[in-house]
Structure formats: structure tokens, C-alpha cells
Amino acid sequence: MMLGMKHCFFPVCLLLMLTGCAPEPLVRSEDSATGPVDQIAALIEQQRYDSALAALQDGLEREQDPSERARLRLDAAELLLAAGQTQSARSALETLHDGLFARTDRARLALARAELALLEGDAANAGWLLSQVREDVPPQLTARLETLEALLRGGDENPAREALQSLERSLVQGDFEPELALALLIEFPVATLEALHATHGGQPALAPWLDLAQTARRFLLDAEQLPAALATWQQRHPAAGYSAAEAEEWLTAWRQLQKQPMRVAALLPSPDSSLARPGGALRDGLISAWSRQPENQRHELLFFYLDDRPGAAVDAWFSARAAGAELILGPLVRDQVDALLDLRDVSVPVLLLNQPSERHLLSNFPGLAHAFALTPDEEAEIVAARALVDGHRRALVLRQDSDWGDRVARTFAETFTLGGGRIVRDMRYSPNQVDHSILLEVLLGLDRSRERSNALQRLIGAPLTSEPAPRTDADMIFLASRAEDARAIRPQLKFFGAEAMPVLATSHVLAGAPNPRRDHDLEQVLLPLAPWFLDQSESGLWRQHAETLYPGLDNPTLSRLFALGADSLALLPWLNILRSDPALQMAALTGRLRLDNDGMVERDLPFVRLVDGRPVLQ
């Protein structure tokens, strides 16, 4: 039975006002961002929440003063609340109590608890908390108190609450159908559904359906994980009388009913362009994805080919608009991306296939410009975050001596240090050399170990038998190199006694999908890898089939661009919903995709460890 399948996006006023639609959603105390809080704030701003929590933990471990530890928790909780991260904020607040603080920070704690209650839909508790602090709030927190009270007064106009009340009435009146829960709730952001579930999930009649809505929304755009998630939901609520298969069928129909752009223009490099081969790989990926769509859902694709002039994209954009394009893909060249954004024309949405030179340029198309690119910088950030989560704090960096190597290493170092890590040593190697013995001895501190041994021999006047040992002040190595270099460097690290030191890298140390015969020298290297390059995944099977149809996909760069083209087409129907829900992710060939507040597509990637040249998911 299909109920309530209309296309609309509920305006979640309260949640949006609290979770960062404006740069400063609430007024914070002026002295609350010192020390490690600066790192935490920067990581939260980048939506690197795992790294932010790691930085918090690191700060707590370093701080010995109980009152300062409590204040650090409070600072972090406020920042997490501003970002809408209710569960993490609740965890930070749980161990805090009034006795840990002086007057100003006691008021901050009460206001933070009230804000959390508002985010979780508990208006009664929020009102009580605000009433307790109202008469004793310091002047610098008055604006924040007034903001929270205004939000509390406006809470009566809450679509999520109205949907919940409709669900409750249906359950009481006896005319409830399971699909009604999905129809009422599926379009709310994950954070809103989590708040509803946290507040009302204790009611036996509501619990299964709030849990279902939350599960369905979280995996809405993940066809591979959705069936398992729904099956787990069914196991949690066996008496609900509704099967995972029925829920999946309803969600499939809901997705098919969503409005899609019917005419899409692609602005790609021409066959005469200097980027003809990358442009051809993008085009092939678009066509491959288009051919896999049901015939009644296929877009009409219009191709506009560009020369290398920056203005060529502007000319093609006007032509595409005149041809009735409802959405534009491209261009690929950064200068052309910047030229297009300089138009400041918002009449046709655009999904750019490269990042602009300055992120703020996307605001020229407010709400309508999105950018999707597969950059090494992004992977370096992901690796740095994983290193911090794994407990690494002191890194050696070995980078290729090139602009590419500098870019990757710099991004890793910036993210790693923001999260509380330290770069112990950073060295460049020449890609024109095969033997890196001298450099690696210096990187690993073997030269100093040998010097210490020689000094001791001179001191005692007798020969000593000793082997130089790698330095102990580092706990990992980040390798910013390409495939051929990495295959030469990793065995040399092992030769110099660094076999036990974890080595992390970007996927560029592989020449595409892992190959046991080619990559056995990369033993134990940990790296992020797109599903497209995992042979046993559905994405990997698509790649292997595409390699038989499209020439050039043995080149890893062209293969990545093919996947980028296919994912770009798959993203189009979901740009608006992804932008309205930061927690929602779409499973794709190039990773799990989400949109940040600026309209940039960000990726989460699975990590693999190479064992005998084969990838083992971590």
C-alpha cells in the first residue's frame, strides 16, 4: 500500500536555526575558544567530526586540572551543538555538573543543556532549564539566552512535531498503516529523526516506526546497505508486522517518484582540447551510467564541447540554457569553472566537475552551484583523520619532490596538526632515483643512531657490535608518492628496520585496482580506496565490465574520471536533498558522497590494508 507519496521538503525551522544555517547560530562566550578548542572548532567547521572528537580526547589527556578539563568539555559541547551534532554534544555534557564551574560557566552549562533539549525536541525540559538560569545569566550570555527563548517560543510551528502527532493519532484511532510512518517522516533530515527517536522512542507504540524512519532515511541513497539495515530493523521489532522487503519496496517507489531533471547539458573538453582524453573518459562514464538507467527515467543528455579558453564555458553555458537544459554538468578545467562562477547567474543549476580556485566563489550561485572533484587533497585529509582516530600523533612524512607531492603532504600535515598531531620530520625524494638509502637513513634517524654508537666507541676506546635502530619518536609514516615510487620505497623502509612502523598513503600508491603480482611490495600499507577499485564489490564489477567496452581505463587517472562522470549523473536527482541534510550520504562508485554547506561534494572512503598485494577492508 502506497501512502502520502507527494514531493515536498518540510522546512525544519527549529533545527535549521540551531544547526548552522548562519555562521554564528548562537552567541557564545567570548573567552571559550582557547588552546585545543581552536583545533576542535576548525575540524568541526570542516565537518571532520571524528577528528574533532579525537582532538578533544587528546586535549583531555594532556590537561591535568579537573576544572580546565571540564571547561574544555563544555567548549567542545557548544561547538558540537552549533554544528547540530547532538549525540556527540550529549556525550560531552554527560559528565559535567554545576559544582565544576564558576558562575559564568555554570550559566553556559545550563544554556548548552537547554539547546540540546531544543535540538532533541524536548521543549518542556528546555523551558525549565532556561527558567532556572534566566535570573542569573551574565551579561555576555544574555543574547544567547534570548535566542534560545525565541526558538522555544517558535517551537509550536514545528513540522516534525506535527508529523509525529499525526502518527500518534493514527495509532490511537486504529487506522494506522506502516507506510504512513515512512510517508510522514522520510523527508526529514537524519538529525531531526534522531532527535525524535531520542525523545519519543521510549513509547512502545511509536518506537518501531521512529526507528524505521531513522533507519530508512540514513540509508535512503545506499542501495547496497539499505536491505541489511532494514533487515536489522525487522529483527529489533519482530512484532511490528511489517517486513524489511515491504519497506524496501516502498522506498524504491518513493525514490522513483522524485522529480528529476529531464534535460541535462554536459560541458566537456573537445577532441582538440589539451584535455581531450580526460574529457572522453568523463563522457564515457556519463554514457555508461545513462545506459544503466531504466528507459523511462533516462535524462536527455546534451553535449557541448569546449576549447581551452576560459570563456568557452561561458559561451557553452548560454547555449545550454537556450537549449532548455534544466541542469548543467561541467566544466572540467578550473579556469573555466571560475569563469562560469563569475557570471553570477542563478537561472540554471550547475554541478561543476572541478573545484573553484576559491571556495567562496560557489556563493555566486547561492544554493544552485555544486562542485564535485576527485582531488588528492581530499584523500590526504581522509588519511590524516584516520591516522588520528587510530591514535597516531607523531608522523614522518616522505613526499615526492613535485608540486603534486607538496600539495598532498601539505594537506595531510595541516589536517594532522589541526587534530593534535605533530610532524616529526618531512623529507622529499626525487622520483628520478630508485635507491633512496641515504634519505631513508636520515628520515628514520639511523644516521644519528650510528653517530651515537661511534661516539660511545670513542668514549670507551673499544669496538662495539651494534645495529643502528630506527627512531622511536615517530609512530607512523605518511607516504605522499605515486605507484611506481611507492613500490620501490616500501621494501627499502623494511630493509632499514621500519617494517613495524605503520605506513599510510593515498590511493595514488596503486596504479588502479590492487594487483597481487604488481603490488606485493606494498605490504601492510593502509590507504583509502574507492569502491570502483575494489574488484569484489558491485562497483568493481562495473569497472571490470567497462574496461572491456571503453578504451583507456587501464590508466588509473582516466578510470577515476570515468567513475566521476558516472557518479555525477547519479547525483543529479539528489542534490537538493543532500544539501538539506548534511548527515545523508549517497553510496557511489567513488565513495560515500555528501554535500557540505558550500555545495562541495565530499567523500568518505573505505580503508584497506594491502596483504600480499590484495586489499583487506579495515
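The values are calculated or read from the model by the stated rules, or taken from the named source; none is laboratory data. Values in this document were obtained by computation on a predicted structure and should not be read as measured data. Glycine also receives a Cβ, built like all others from the backbone with ideal geometry; neighbour counts cover every protein chain displayed. Side chains included, ligands, DNA and RNA excluded: accessible areas come from the protein's heavy atoms. Shrake-Rupley method; radii C 1.70, N 1.55, O 1.52, S 1.80 Å.
Under the condition of being surrounded by fewer than 17 Cβ atoms within 10 Å (Cβ to Cβ), of a type in the set (D, E, K, R) and in contact with a strand residue (DSSP E or B) (Cβ under 7 Å, 6 or more places away or on another chain), the residues counted in the stretch 597-608 number 1.
Checking the conditions here, which among PHE478, PHE495 is in contact with a Phe, Trp or Tyr (Cβ under 6 Å, 6 or more places away or on another chain) and either within 30 Å of LEU446 (Cβ to Cβ) or surrounded by fewer than 15 Cβ atoms within 10 Å (Cβ to Cβ) (or both)? Lay out the reasoning, then the answer.
Values: PHE495 fails: in contact with a Phe, Trp or Tyr (Cβ under 6 Å, 6 or more places away or on another chain).
Residue meeting the stated conditions: PHE478.
Per the listing SER357, SER319, the residue uniquely surrounded by fewer than 16 Cβ atoms within 10 Å (Cβ to Cβ), part of a helix (DSSP H, G or I) and not aromatic (Phe, Trp, Tyr) is SER319.
Scanning the stretch 186-206 for any residue that is within 24 Å of GLY84 (Cα to Cα), among the acidic types (Asp, Glu) and modelled with pLDDT of 85 or more turns up at least one such residue.
Checking the stated criteria, ALA339 turns out not to satisfy the condition of being surrounded by fewer than 21 Cβ atoms within 10 Å (Cβ to Cβ), part of a loop (DSSP other than H, G, I, E, B) and of a type in the set (A, V, I, L, M). For the stretch 506-559, the candidate set comprises residues that are among the hydrophobic types (A, V, I, L, M, F, W, C) and under 12 Å from ARG487 (Cα atoms); within that set, the residue that is surrounded by the most Cβ atoms within 10 Å (Cβ to Cβ) is LEU510. Determine, yes or no, whether LEU459 is among the hydrophobic types (A, V, I, L, M, F, W, C), at pLDDT below 95 and under 37 Å from the mean Cα position of the chain (by Cα). Considered against the rule, which asks whether it is among the hydrophobic types (A, V, I, L, M, F, W, C), at pLDDT below 95 and under 37 Å from the mean Cα position of the chain (by Cα), LEU459 comes out as no.
Being within 25 Å of the chain's Cα centre (by Cα), modelled with pLDDT of 90 or more and part of a helix (DSSP H, G or I), is that true of even one residue in the stretch 217-224? Checking the stretch 217-224: at least one residue is within 25 Å of the chain's Cα centre (by Cα), modelled with pLDDT of 90 or more and part of a helix (DSSP H, G or I).
Here the condition is being at pLDDT below 95, surrounded by 17 or more Cβ atoms within 10 Å (Cβ to Cβ) and assigned to a helix (DSSP H, G or I); of GLU379, GLU441, GLU451, it holds for GLU441 alone.
Within the stretch 196-220, residues that are without any contact (Cβ under 8 Å) to a residue 24 or more places away in the chain and among the hydrophobic types (A, V, I, L, M, F, W, C) reach partners that are assigned to a loop (DSSP other than H, G, I, E, B) and open to solvent by 10 Å² or more (accessible area, probe 1.4 Å) with beta carbons closer than 8 Å, at six or more positions or on different chains, in the pairs PHE219/GLN225. Scanning the stretch 292-315 for residues that are over 13 Å from LEU268 (Cα atoms) and either of a type in the set (Asp, Glu) or at pLDDT 95 or above (or both) returns GLU295, GLU300.
Checked against (1) open to solvent by less than 40 Å² (accessible area, probe 1.4 Å); (2) out of contact with any helix residue (DSSP H, G or I) (no Cβ under 6 Å at 6 or more places or on another chain), LEU257 passes all but condition (1).
Among the candidates PHE365, PHE318, which residue alone is farther than 17 Å from ARG560 by Cβ, more than 29 Å from the chain's Cα centre (by Cα) and hydrophobic (A, V, I, L, M, F, W, C)? Explain how you work it out, then say what you get.
On the way: PHE365 fails: more than 29 Å from the chain's Cα centre (by Cα).
Of the residues listed, the single one that is farther than 17 Å from ARG560 by Cβ, more than 29 Å from the chain's Cα centre (by Cα) and hydrophobic (A, V, I, L, M, F, W, C) is PHE318.
Being more than 25 Å from GLU120 (Cβ to Cβ), open to solvent by 40 Å² or more (accessible area, probe 1.4 Å) and of a type outside the set (D, E, K, R) is the filter here; which residues of the stretch 232-254 pass it? GLN234, GLN235, PRO238, ALA239, GLY241, ALA245, THR252, listed by residue number.
Taking the stretch 267-279 as the region of interest, how many residues are open to solvent by less than 40 Å² (accessible area, probe 1.4 Å), over 10 Å from GLY565 (Cα atoms) and either out of contact with any helix residue (DSSP H, G or I) (no Cβ under 7 Å at 6 or more places or on another chain) or not in a helix (DSSP H, G or I) (or both)? Write out each step before concluding.
We begin by selecting, within the stretch 267-279, every residue open to solvent by less than 40 Å² (accessible area, probe 1.4 Å); these are 267-270, 273, 276, 278-279.
Cutting the leftovers down to over 10 Å from GLY565 (Cα atoms) gives us 267-270, 273, 276, 278.
Now narrow it down to the ones that are either out of contact with any helix residue (DSSP H, G or I) (no Cβ under 7 Å at 6 or more places or on another chain) or not in a helix (DSSP H, G or I) (or both): 267-270, 273, 276.
Of the residues in that region, 6 qualify.
Among strands (runs of 3 or more DSSP E) entirely within the stretch 558-615, having at least 2 residues that are closer than 20 Å to PHE188 by Cβ and under 15 Å from the mean Cα position of the chain (by Cα) singles out 591-595. Among the residues making up the stretch 171-181, those that are touching a residue at least 24 places away in the same chain (Cβ under 8 Å) and either touching a Cys at 6+ places or on another chain (Cβ under 7 Å) or under 12 Å from PRO208 (Cβ atoms) (or both) are LEU171, PRO178, ALA181. With respect to (1) at pLDDT 90 or above; (2) in contact with a strand residue (DSSP E or B) (Cβ under 6 Å, 6 or more places away or on another chain), the lone exception for VAL348 is condition (1). Filtering the stretch 285-335 to residues that are basic (Lys, Arg) and within 14 Å of VAL350 (Cα to Cα) leaves only ARG321. Pick from LEU148, LEU164, LEU152, LEU80: which is within 19 Å of ALA191 (Cα to Cα), assigned to a helix (DSSP H, G or I) and open to solvent by 10 Å² or more (accessible area, probe 1.4 Å)? Going through LEU148, LEU164, LEU152, LEU80 in turn, the sole match is LEU152. A count restricted to the stretch 224-265 and to residues that are farther than 17 Å from ALA181 by Cβ and among the aliphatic types (A, V, I, L, M) stands at 6. Show the residue pairs that are 6+ apart or on different chains and have beta-carbon atoms under 6 Å apart, the first residue being within the stretch 372-398 and farther than 20 Å from ALA588 by Cβ, the second being among the basic types (Lys, Arg) and surrounded by fewer than 19 Cβ atoms within 10 Å (Cβ to Cβ). Partner pairs satisfying both residue conditions: ARG394/ARG422; LEU396/ARG425. Considering the conditions (1) assigned to a strand (DSSP E or B); (2) out of contact with any Leu (no Cβ under 7 Å at 6 or more places or on another chain); (3) farther than 16 Å from SER430 by Cα, ARG399 is excluded by exactly one of them, (3).
Within the stretch 418-445, residues that are within 19 Å of ARG407 (Cα to Cα) reach partners that are acidic (Asp, Glu) and assigned to a loop (DSSP other than H, G, I, E, B) with beta carbons closer than 7 Å, at six or more positions or on different chains, in the pairs VAL424/ASP473; ARG428/ASP401; TYR429/ASP401; SER430/ASP401; PRO431/ASP401.
For (1) at positive phi; (2) surrounded by fewer than 22 Cβ atoms within 10 Å (Cβ to Cβ); (3) in contact with a strand residue (DSSP E or B) (Cβ under 7 Å, 6 or more places away or on another chain); (4) in a loop (DSSP other than H, G, I, E, B), each residue gets a yes or a no:
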site: ASP50; (1), (2), (3), (4): no, yes, no, no
site: ALA55; (1), (2), (3), (4): no, no, no, no
site: ASP58; (1), (2), (3), (4): no, yes, no, no
site: GLU68; (1), (2), (3), (4): no, yes, no, no
site: ARG90; (1), (2), (3), (4): no, yes, no, no
site: THR95; (1), (2), (3), (4): no, yes, no, yes
site: GLY99; (1), (2), (3), (4): no, yes, no, no
